[in-house]
Amino acid sequence: MGFRLITLNLNGIRSAASKGFVGWAESAGADCMGVQEVKAQADTVGGQFDHVAGMQGHFHYAEKKGYSGVGLYTKKAPSEVVTGFGSPEFDAEGRYVEARYDTAQRKFSIISCYFPSGSSGEERQAAKYRFLAQMAPHLQRLQAEREFILVGDLNIAHKEIDLKNWKSNQKNSGFLPEERAWLTQLLAGGLVDVFRTLNQKPEQYTWWSNRGQAWAKNVGWRLDYHLATPAIAARAQREHIHLHPRFSDHAPLVVDYDFKL
């Protein structure tokens with residue numbers, strides 16, 4: 001038995017639960033699951049969604065109600081939970097939770113992270129660039145001291161293979177040259193896009209617009225990732241994008257690793 005890690009943008013935990021998310025999670029066999037866009041606060045999650053599928057939830061909520069928010073569900077209790085990555089602007093938006101599993105022999109983290117979307121206009125695109133500028137050095141520092149897997153919705157499709165209509169989206173948030181270059185540079189610095197090490201096929205998407213029959217026609221984007229330090233990435237064995245049933249506009253991305261916590 002290895003370690004099954006799932007990432008899923010819920011597009012609202014209450015909405016996803018109403019469409020069968022909790023029952024699916026119970027059958028998914030995860031050892032850990034990162035969730036994004038919880039869109040709820042502690043008073044909603046507590047007693048209702050703080051435990052799912054035998055896993056304890058650890059959350060970073062946005063100050064603004066019904067907005068953003070990330071969580072990590074873990075079977076094994078972490079040695080420490082870190083919320084936020086030291087950015088006053090973005091920590092207020094509930095975008096980062098890190099579960100640490102530290103022993104005398106090893107420092108290892110699993111992170112659930114939700115990158116901003118810039119699709120609503122120039123102001124949020126500028127915020128997205130500020131986030132990227134702060135996240136890169138944070139991950140570099142982390143990489144210097146520990147192994148980790150970051151899972152989450154990056155709101156970036158990295159290459160032409162990662163979205164259906166790449167030609168017509170080159171001026172749209174999520175596939176802008178600057179965003180893609182940021183991710184290229186991050187991977188050049190040693191982090192690994194785990195899914196692509198296991199699956200090089202086209203039309204592997206994790207998000208579909210609610211407009212224009214995108215789901216029915218598989219006009220999608222690959223926005224959800226496992227980014228890992230090299231030694232951990234090398235232990236990835238299998239990947240799976242869970243397509244049915246649907247409980248979000250994103251699909252769960254499942255990766256099995258050959259290690260145990």
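Derivation of every value follows stated rules applied to the coordinates shown; laboratory data play no part. The structure displayed is predicted, hence computed values, not measured ones. Every residue, glycine as well, gets a Cβ built from its backbone with ideal geometry; the counts of neighbours run over all protein chains shown.
Structure summary
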quantity	calculated
Answer from 90, 85 - the residue that is part of a helix (DSSP H, G or I) and over 25 Å from residue 22 (Cα atoms)	90
Residue that is surrounded by the most Cβ atoms within 10 Å (Cβ to Cβ) [pool: residues in the range 177-191 that are free of Cβ contacts under 8 Å to residues at least 12 places away in the same chain and over 16 Å from residue 144 (Cα atoms)]	181
Residues within the range 158-171 that are surrounded by 16 or more Cβ atoms within 10 Å (Cβ to Cβ) and in a loop (DSSP other than H, G, I, E, B), tallied	2
Residue check, residue 71 in a strand (DSSP E or B), touching a residue at least 24 places away in the same chain (Cβ under 8 Å) and small (Gly, Ala, Ser)	yes
Scan of the range 210-258 for residues that are in a loop (DSSP other than H, G, I, E, B), among the hydroxyl-bearing types (Ser, Thr, Tyr) and farther than 17 Å from residue 186 by Cα, ordered by number	248
When residues of the range 239-261 are limited to those that are under 17 Å from residue 228 (Cα atoms) and of a type in the set (Phe, Trp, Tyr), the one surrounded by the most Cβ atoms within 10 Å (Cβ to Cβ)	257
Selection status of residue 216, under 30 Å from residue 23 (Cβ atoms), of a type outside the set (Asp, Glu) and in contact with a helix residue (DSSP H, G or I) (Cβ under 6 Å, 6 or more places away or on another chain)	no
So residue 183, is it closer than 27 Å to residue 59 by Cβ and among the aliphatic types (A, V, I, L, M)	yes
Options 156, 149: the member that is β-branched (Val, Ile, Thr) and in contact with a strand residue (DSSP E or B) (Cβ under 6 Å, 6 or more places away or on another chain)	149
Residue among 218, 199, 210 that is touching a residue at least 24 places away in the same chain (Cβ under 8 Å), out of contact with any strand residue (DSSP E or B) (no Cβ under 8 Å at 6 or more places or on another chain), surrounded by fewer than 17 Cβ atoms within 10 Å (Cβ to Cβ) and polar (S, T, N, Q)	210
Any hit, the range 46-58, residues being buried (at least 18 other Cβ atoms within 10 Å of the Cβ), at negative phi, touching a residue at least 40 places away in the same chain (Cβ under 8 Å) and not in a helix (DSSP H, G or I)	yes
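Conditions (1) over 15 Å from the mean Cα position of the chain (by Cα); (2) over 29 Å from residue 261 (Cβ atoms); (3) in contact (Cβ under 8 Å) with a residue 24 or more places away in the chain; (4) buried (at least 22 other Cβ atoms within 10 Å of the Cβ), marked per residue:
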site: 80; (1), (2), (3), (4): yes, no, no, no
site: 88; (1), (2), (3), (4): yes, yes, no, no
site: 94; (1), (2), (3), (4): no, no, yes, yes
site: 99; (1), (2), (3), (4): no, no, yes, yes
site: 107; (1), (2), (3), (4): yes, no, yes, no
site: 112; (1), (2), (3), (4): no, no, yes, yes
site: 119; (1), (2), (3), (4): yes, yes, yes, no
site: 126; (1), (2), (3), (4): yes, yes, no, no
site: 129; (1), (2), (3), (4): yes, yes, yes, no
